[in-house]
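Okay, so here's the structure we're looking at.
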Amino acid sequence: MNHIELFSGCGGLSLGLEQSGFDLTMANELSPMAAESFAYNFFDENLEELACNNSSPKHTLWLNSQFDELKPRLRENPFMFPAFDKEGTSDLPTDRSKLKGKLVVGSIVELNRLLDSDPEIVKQLSSAFNSERGLDLVSGGPPCQSFSMAGLRQLDCDKNTLPWEFAKFVQHTKPKIAMLENVTGILRAFKDDEGNSFHAWYEVAKVFASIGYVPLCLHINARYAGVAQNRPRFIMISVRLDHYEQLSSDFDTGSADELLFSNSLAFYHLVQERGDSLEFGHLDYFDVKKPEHLELFNNSFLSSLVSEKMVTVGEALDDLKQNKPSDKSDFITRLNSEFSFLTERDYLFNHELRNNGPVVQRRFRLYQVLQMINDRSITKAVFTVLKGDAVELSEEVWLVCKQYKYLNDNNKLKAFNSKQDFINYLKDHPTKKQTQKALVANAPAPAALSIPDDACHYDENELRVLTVREMARIQSFPDDFVFRSKVTTGGKMRKFEVPQYTQVGNAVPPLLGLALGKCVKNLL
């Protein structure tokens, strides 16, 4: 089987798809920093080393760049890339067949403009470079922070056009199946200026139906695929009509597969009749949280998405602790053997500790205690003092908090005997952050986990933020997968740089990618 990967990032989805049996036809990614990790792991191309030696990569090509040399390209603002047909330096070979197996760094908007004007590249991609099979799959996760509940949820944000660019590429290349991954926020309606609801997922499904695809929409969670994180996701698997008709002829009457697609097929025909005017309400999505839907997942081609037991943060991280590390868990042993086709590394990369000062460490211990108490009202009361909005705590809150030990100035864990001493301690450790919390060792990680400030360690002897490797473990990246480029960034550069922590946080977890690959494999 073969696939084209759009919005490839550092390669989480591609890693899972490769393990499930897909060969990479071509990949596209906007960020040079994420592309650096992709090239390192999939092509064994060290772009930083090549840049220092004034050499050029063989497998990583720029659609167009302001720069001739590789070194400045690795830090180029991708939103400043020249248009593909404007003055700049493009690496694209005139013989389009030589794009096979390459990573193209550039905007999907410009890539689609190239396809608009170049029938030869369309021919090469749609045939998977003259494969007898043709093109099996176009996959990817368009970055849609504005669909996220953590984002601004803007209807007119530029990033919200990217699912439509994804559909445009699919219309050009006509794979048997298109698979789109997105944040769960895409399922929640926007409100426009007039107060009208806009259901982004439904509109995207309409677009895919209008270009000849039967769209199946899913609300899943990566933890059911063996990822140590509570990570809900929207997935749309769209099957080209002629391929759907071929495979559906094998569906048993009343089977889970037939039931999953029946509504989608009816929706497809309605879109053919009524086009963009089709109002909301003619397509449902299947949600693993609903028992009747979960049964359909279990009994259908989607079973790999719900077949793994829950993995805890402790299973993912305990062997990486600085103090009293455990042996590798069965989960880590299996994870590393699952992706054993990666180049074997003789060193554990991306596990450098970040510096956390004494005040921050004491605050982290407080977060650990609040997580152990696990009572929202107590957390809220403590944070009102931490934020400077209150100078008192109720007796009920104090009676609970006094049972735990806190880190003192001498770096020792000690309980407080006086409520006022505890209040003074809180006032001495002020913070405006409300989202940061400690992880829980015997549970999956929370969904919001993409930057160092999102969480601290669960162990009282590890009062620190997570390393890139620990974040990657939670996301189910094997240890031989190396993250390249800057570790983190800040200020105005946040708008366009994609450092290691962000690469991990934005990625599709490889084990989820593997499960999705198995689903598509069943449909092929």
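The numbers here are math on the coordinates, done by the rules we state, and not lab data. The structure displayed is predicted, hence computed values, not measured ones. Positions of Cβ are backbone-derived with ideal geometry, glycine not excepted, and every protein chain shown enters the neighbour counts.
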Cut-off under 5 Å, modelled amide H: who pairs with Arg233 long-range: Ile220, Asn221, Ala222
Zone residues, the range 392-436, relative to Arg376, backbone N less than 18 Å from point 7 Å out along Cα-to-Cβ: 397, 434-436
Which value in nm describes the separation of the simple spin-label points at Asn299 and Gln272, placed 7 Å from the Cα toward the beta carbon? 2.9 nm
Phi-based couplings in Hz for the range 373-385 (Karplus 6.51, -1.76, 1.60; Gly and Pro marked x): 5, 6, 9, 4, 5, 6, 4, 4, 5, 5, 5, 5, 6
Which ³J(HN,Hα) values, rounded to whole Hz and listed in residue order, are derived for the range 293-308 from phi using the Karplus coefficients 6.51, -1.76 and 1.60 in 6.51 cos²θ - 1.76 cosθ + 1.60 with θ = phi - 60°, glycine and proline given as x? 7, 4, 5, 5, 4, 4, 9, 10, 5, 8, 4, 5, 6, 10, 9, 9
Nearest-0.05 FRET efficiency for Ser97 and Phe341 at R0 = 25 Å, using Cβ-Cβ distance, is 0.45
Using helices alone, what [θ] at 222 nm do you get for the chain, with -39,500 (n - 2.57) per DSSP H run of 4 or more residues, divided over all residues and rounded to the nearest 500? -10500 deg cm²/dmol
Given charges at Cβ of Lys, Arg, Asp, Glu: the range 313-486 dipole, positive-most of Gln322, Gln436, Val397: Val397
Amide H contacts under 5 Å for Gly226, restricted to residues at least 5 apart in sequence or on another chain and with H modeled in the peptide plane, are Glu308
The long-range amide H neighbours of Phe286, using H built 1.01 Å from N in the peptide plane and a cut-off of under 5 Å, are Cys217, Leu218, His219
Would you calculate the separation in nanometres between label points at Asp118 and Asn522, each defined as 7 Å from the Cα along the Cα-to-beta-carbon direction? 3.8 nm
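Listed highest first by mean packing, meaning other Cβ atoms within 10 Å per residue, what order do 73-86, 356-369 come in?
On the way: 73-86: 16.0, 356-369: 18.4.
The packing order, highest mean first, is 356-369, 73-86.
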Selection from His59, Leu386, Ser340 lying farthest towards where the dipole of the chain points positive, charges on Cβ: Leu386
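Only Lys, Arg, Asp and Glu count, each charged at its Cβ (+1, +1, -1, -1), so figure out the dipole size of the range 313-486 about its Cα centre, rounded to 20 debye. If you can, show how the numbers build up before the last one.
Values: 26 positive and 25 negative charges, 129 e Å.
It works out to roughly 620 debye.
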Step through the residues of the range 323-332 one at a time and calculate ³J(HN,Hα) from phi using the Karplus curve (6.51 cos²θ - 1.76 cosθ + 1.60, θ = phi - 60°), rounding each to whole Hz and writing x for Gly and Pro. 10, 6, x, 8, 5, 4, 6, 4, 4, 5
Measure out, as a whole number of angstrom, how far apart the alpha-carbon centroids of the range 490-524 and the range 12-68 sit. 15 Å
Would you mind putting 306-318, 119-131 in packing order, based on average other-beta-carbon counts within 10 Å, highest first? 306-318, 119-131
By average Cβ neighbour count within 10 Å, what is the ranking of 174-185, 471-482 from highest down? 471-482, 174-185
Nitroxide proxy distance, nm - points 7 Å out along Cα→Cβ at Asp409 and Asp250: 7.3 nm
